[in-house]
1. Mind listing whichever residues of the range 105-132 are assigned to a loop (DSSP other than H, G, I, E, B) and surrounded by 12 or more Cβ atoms within 10 Å (Cβ to Cβ)?
2. Modelled with pLDDT of 95 or more, closer than 20 Å to Met270 by Cβ and basic (Lys, Arg), is that true of Lys134?
3. Scan (1) modelled with pLDDT under 95; (2) assigned to a strand (DSSP E or B) for the single condition Ser63 breaks and write down its number.
4. Checking the structure you have, find out if any residue of the range 143-152 is in a loop (DSSP other than H, G, I, E, B), surrounded by fewer than 20 Cβ atoms within 10 Å (Cβ to Cβ) and more than 12 Å from the chain's Cα centre (by Cα).
5. Against the condition crowded, with 18+ Cβ neighbours inside 10 Å, in contact with a Phe, Trp or Tyr (Cβ under 8 Å, 6 or more places away or on another chain) and not charged (D, E, K, R), how does Thr198 come out, does it pass?
6. Of all residues in the range 41-86 being surrounded by 15 or more Cβ atoms within 10 Å (Cβ to Cβ) and of a type in the set (S, T, N, Q), which is nearest to Ala23 (Cα to Cα)?
7. Just a yes or no: is a residue in the range 87-102 in a loop (DSSP other than H, G, I, E, B), in contact with a helix residue (DSSP H, G or I) (Cβ under 9 Å, 6 or more places away or on another chain), in the same structural domain as Ala55 (by TED's automatic domain parsing) and surrounded by fewer than 14 Cβ atoms within 10 Å (Cβ to Cβ)?
8. Within the range 112-130, is there a residue that is within 22 Å of Gln275 (Cβ to Cβ), touching a Gly at 6+ places or on another chain (Cβ under 9 Å) and polar (S, T, N, Q)?
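The values are calculated or read from the model by the stated rules, or taken from the named source; none is laboratory data. Note that this is a predicted model, so its numbers are computed, not measured. Positions of Cβ are backbone-derived with ideal geometry, glycine not excepted, and every protein chain shown enters the neighbour counts.
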Amino acid sequence: MAKLIDGKAISAQLKDELKEKVAQLSGMGKEITLAVIQVGADPASSVYVRNKKNACAYIGIESLSYELAEETSQEELLALIVRLNQNEKVNGILVQLPLPGHIDEDVIIKAIAPEKDVDGFHPQSVGAMSIGQKGFLSCTPAGVIELLKRSGIEIEGKECVVVGRSNIVGKPMAMLLLRENATVTVTHSRTKNLKEVTKRADILIAALGKPKFIKEDFVKEGAVVIDVGIHRQENGKLCGDVDFDNVADKVSAITPVPGGVGPMTIAMLMKNCVQSV
């Protein structure tokens, strides 16, 4: 059986380190405030927002919550972001995605001041990451790197395959792996002979958004598998992009769903908030 990479335990360790750092900053008179904006009442978004607030409370970060109605206009949301950009007490601004269809996510992301973009989605943040300059990192890919490092898994020189090319996970994941001196291949829905490519991977990262898509014949013996996906099945249970039961016996290490990458995303958001001071 593969080693289980425990995101809950590793994220708890990271949050404890951040809690200590926040206490030190507080002693120096520096307080941290995160503004969280949610438009509408999407159930999954509500869970994420609640988890973020709980993490803030644990670490000692003040959170301001803005729960806006589904019919809130783009202009109203932009006006709120402008006010928060100008508020010197607010260190970080997070707009929970997805947004209702009448609001352009791209416009909203670009409206957040780059120095308060703790999600790491602003083009300036992405650009800084791509050329190795200092800036906020996308939370989920940064969480994957942290998981690997704290699990003692060597990245340098390894062949890494990312399945998925989204702006939120796939593309930044590839860039962060390159930064760690991995050899990286990005695959996607148009990739030919996908199984042949994924079977080369020493580290396989699944972020394609299809439940249980990655089967045993996609992975090579002894590979490390990181599952970024999360889906609710008809029976109410959660699963990832990897068919865990089918793959686990073939690989050397694997993240479970839930309890793998998910907790790390919030821990890395907290890390970005602390870095914003």
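1. Selection gives Ile112, Ala113, Asp117, Val118, Asp119, Gly120, Phe121, His122.
2. No, not satisfied.
3. (1)
4. There is at least one residue in the range 143-152 that is in a loop (DSSP other than H, G, I, E, B), surrounded by fewer than 20 Cβ atoms within 10 Å (Cβ to Cβ) and more than 12 Å from the chain's Cα centre (by Cα).
5. The answer is yes for Thr198.
6. Checked the range 41-86; the qualifying residue nearest to Ala23 (Cα to Cα) is Ser63.
7. There is at least one residue in the range 87-102 that is in a loop (DSSP other than H, G, I, E, B), in contact with a helix residue (DSSP H, G or I) (Cβ under 9 Å, 6 or more places away or on another chain), in the same structural domain as Ala55 (by TED's automatic domain parsing) and surrounded by fewer than 14 Cβ atoms within 10 Å (Cβ to Cβ).
8. Scanning the range 112-130 turns up at least one residue that is within 22 Å of Gln275 (Cβ to Cβ), touching a Gly at 6+ places or on another chain (Cβ under 9 Å) and polar (S, T, N, Q).
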